[in-house]
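Participant: Please find one structure pasted underneath; my questions will follow.
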Amino acid sequence: MMEALSRAERMQLLQFVCSFAWSDFEVAGDERQYVERIVRMLELDGDERLEVLGWLETPPPIDAVDPARVPAAHRELFVKACEGVVAADSKFSAEERDQLVLFKQLLRNQS
């Protein structure tokens, strides 16, 4: 399903995934590896990879992760990818849980 994403949608997906990696205010090694696997799957070019790696050092801008801008056709994919990154380190913090719940609610409200 990720293959169906445009370049802009791929980068948007990774902005969300990286922002969820930052939910508990740190990016764990397993979360970083999860993001890197997605980057490889999406076959991003060098500049795109560098941009994503930058989001693992500093969270993406808050205005870049607006749930209202998630394409309706890809909402389930975005949720699954974000769930995957928070589960990657086998620690599910209250912050991560709360952010996922809010994200899902906001997406449902967009329908």
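Laboratory data are not the source of any read-out in this text; all were calculated from the coordinates shown. Quick caveat: nothing in here was measured; it's all calculated off a predicted structure. Note that we place each Cβ from the backbone using ideal geometry, even for glycine, and neighbour counts take in every protein chain shown.
Participant: Assuming a ≥ b ≥ c are the square roots of the Cα gyration tensor eigenvalues, decide whether segment 33-76 counts as rounded (a/c under 1.5), prolate (otherwise, with a/b larger than b/c) or oblate.
Facilitator: Because a/c hits 1.5 or more and a/b fails to exceed b/c, segment 33-76 counts as oblate.
Participant: In the Gaussian network model of the chain, springs joining C-alpha atoms below 10 Å, which of 88, 28, 64 carries the largest mean-square fluctuation?
Facilitator: Of the options given, 64 has the highest mean-square fluctuation.
Participant: While we're here: On full extension of the chain, what length is gained from residue 91 through residue 62, given 0.36 nm per residue of separation minus the C-alpha to C-alpha distance?
Facilitator: 8.1 nm
Participant: Starting from the Cα of residue 49, step 7 Å along the direction of its Cβ; do the same at residue 105; then give the gap between the two resulting points in nm.
Facilitator: In this crude spin-label approximation the distance works out to 3.9 nm.
Participant: Using the count of nearby Cβ atoms within 10 Å as a rough guide to exposure, how do 23, 90, 6 rank from fewest to most?
Facilitator: 90, 6, 23
Participant: When the Karplus curve 6.51 cos²θ - 1.76 cosθ + 1.60 is applied with θ = phi - 60°, which whole-Hz ³J(HN,Hα) does each residue of segment 77-83 get, with x for Gly and Pro?
Facilitator: So the J values, rounded to whole Hz, are 4, 4, 4, 4, 5, 5, 4.
Participant: Still on this structure: Fewest to most neighbouring Cβ within 10 Å: what's the order for 82, 18?
Facilitator: Listed from fewest to most nearby Cβ atoms, that is 82, 18.
Participant: Which shape class, rounded, prolate or oblate, goes with segment 2-109 when its Cα gyration tensor gives a ≥ b ≥ c as root eigenvalues, a/c under 1.5 marks rounded, and past that a/b bigger than b/c marks prolate?
Facilitator: oblate
Participant: When only DSSP loop residues count, what GluC sites (Glu not before Pro) in segment 1-34 have their Cβ near at most 14 other Cβ atoms within 10 Å?
Facilitator: 26
Participant: A follow-up question, please. Work out, step by step, the length gained on full extension between residue 73 and residue 7: first 0.36 nm times the residue separation, then minus their alpha carbon distance; give nm to one decimal.
Facilitator: Length gained between residue 73 and residue 7: 22.2 nm.
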